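First comes the structure, then the notes that go with it.
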Amino acid sequence: MRYWLMKSEPSEFSIDDLEKRPHQTEHWDGVRNYQARNMMRDEMKVGDLAFFYHSNCDTPGIVGIMRIAREAYPDFTAFDINNKHYDPSSKPDDPRWFMVDVQFVRKLKRTITLNELKGRPELNGLALVRRGNRLSVMPVTAAQWEFILSLE
DNA sequence: GCCAACGTTGGC
DNA sequence: GCCAACGTTGGC
């Protein structure tokens, strides 16, 4: 089993939105970065756990935990011309973009902010705290996972 | 294959 | 809203 961190802008889709979905499950659409796609498509497995990270908001940080509930399948929002993530180069018979389903596990007792994660030697190598990093899906080691939860 | 222009991400 | 840091695109 592996660990992950996945970013979402809470104004688009927040941990509270996920909690309220039927079965507390939703597809994680809109990833349009090859590195992130490859990790979702090739490495994420049902049962993996992921941090839910709120980006581009007042207090960026980790707000909860979710579980991968379905392995990668074509991101159909890329086929929908009315969707903001529409990509004409992704075709139903040759999809370019993929998504997984995620299921709510729990919220953290508090937001573990990006600010307090930065500069922690335990998190050296975590893409999130590397300067200029924009990856929206990234792997987290077991040690990094445990350390972050110990801050809760 | 190079690289300038452009678009996006996301912290601040 | 600004802008640095990237990733992608497309002309050559």
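Overview of values
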| item | result |
| --- | --- |
| Pairs of lysines in chain A (C-alpha under 28 Å apart; 8 or more residues apart or interchain) | 18 |
| Net charge of Cβ neighbours under 13 Å - reference A:Val100; Lys, Arg +1; Asp, Glu -1 | -2 |
| Charge dipole (segment A:3-150, unit charges on Cβ, about Cα centre) - positive-most of A:Asn38, A:Pro95, A:Pro74 | A:Asn38 |
| Check: chain A dipole with +1 on Lys, Arg Cβ and -1 on Asp, Glu Cβ, in debye | 400 |
| FRET efficiency, 1/(1 + (r/R0)^6) with R0 22 Å, evaluated for A:Glu43 and A:Asp17 via beta carbons | 0.30 |
| Qualifying chymotrypsin sites (Phe, Trp or Tyr not before Pro) for segment A:54-131 [loop in DSSP, other Cβ within 10 Å: at most 15] | A:Tyr86 |
| Cβ-based exposure ranking for A:Ile65, A:Ile81, A:Ile15, in which fewest neighbours within 10 Å come first | A:Ile81, A:Ile65, A:Ile15 |
| Taking A:Ile68, A:Ile112, A:Ile62 and counting other C-beta atoms within 10 Å, the order from fewest to most | A:Ile112, A:Ile68, A:Ile62 |
| DSSP bridge pairs, chain A: antiparallel proportion in percent, nearest 5 | 80 |
| Sorted peptide list for A:135-147, A:17-29, criterion being average Cβ within 10 angstrom, highest first | A:135-147, A:17-29 |
| Chain A - convex hull of alpha carbons, volume per residue in Å³ | 115 |
| 19 Å reach of a label modelled at A:Gln103, 7 Å along Cα-to-Cβ, counting backbone N of segment A:66-87 | A:66-73 |
| Given charges at Cβ of Lys, Arg, Asp, Glu: segment A:1-145 dipole, positive-most of A:Leu117, A:His85, A:Ser14 | A:Leu117 |
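Readers should treat all values here as calculations from the given coordinates under stated rules, not as data from a laboratory. These figures come from a predicted structure and were not determined experimentally. Positions of Cβ are backbone-derived with ideal geometry, glycine not excepted, and every protein chain shown enters the neighbour counts.
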